[in-house]
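See below for the structure under consideration.
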Amino acid sequence: MTTYPIPYEQFTIEEITIIIEFLAMIEDVNHNKRIDPQVLSLKHKEYRKVINSVAMEKQIGRAFEKETGFSVYKTIKRMK
């Protein structure tokens with residue numbers, strides 16, 4: 001199980017759940033699991049609402065890529 005690089009203290013449990021579900025979906029896509037692109041797009045929108053900061057989104061994205069080897073940006077771009 002991957003430990004996600006999230007500043008947990010800055011988010012509610014509901015928000016953390018949204019972030020983790022999205023990052024787990026990014027991992028699943030990169031492990032060749034079938035994910036509906038529309039579902040991924042919806043989860044991405046929810047994720048961006050929760051993060052609500054480009055700087056924070058990039059920070060989490062870089063840390064996630066360092067931890068997993070998967071780029072959130074490249075995965076989303078590939079799924080479109």
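All of the numbers you see were taken from the coordinates with simple rules; none came from a lab. All values derive from a computational prediction rather than experimental measurement. Neighbour counts run over all protein chains shown; Cβ positions are idealised from the backbone, glycine included.
Dipole size of the chain about its Cα centre, with +1 on Lys/Arg Cβ and -1 on Asp/Glu Cβ: approximately 520 debye, rounded to the nearest 20. Computed extension gain for GLU67 through THR2, at 0.36 nm per residue and net of the alpha carbon distance, reaches 22.6 nm. Estimated from helical segments only, the mean residue ellipticity of the chain at 222 nm is -22500 deg cm²/dmol, where each DSSP H run of four or more residues counts as -39500 (n - 2.57).
For the stretch 21-51, which trypsin sites (Lys or Arg not before Pro) pass both filters: DSSP loop (anything but H, G, I, E, B) and at most 14 other C-beta atoms within 10 Å?
For trypsin sites (Lys or Arg not before Pro) across the stretch 21-51 that sit outside H, G, I, E and B with at most 14 neighbouring Cβ atoms in 10 Å, the list reads LYS33, ARG34.
Relative contact order of the chain, taken over Cα pairs closer than 8 Å and 6 or more residues apart, is 37 percent. Each label point was placed 7 Å from the Cα along the Cα-to-Cβ direction; for GLN38 and THR17 their separation is 2.4 nm.
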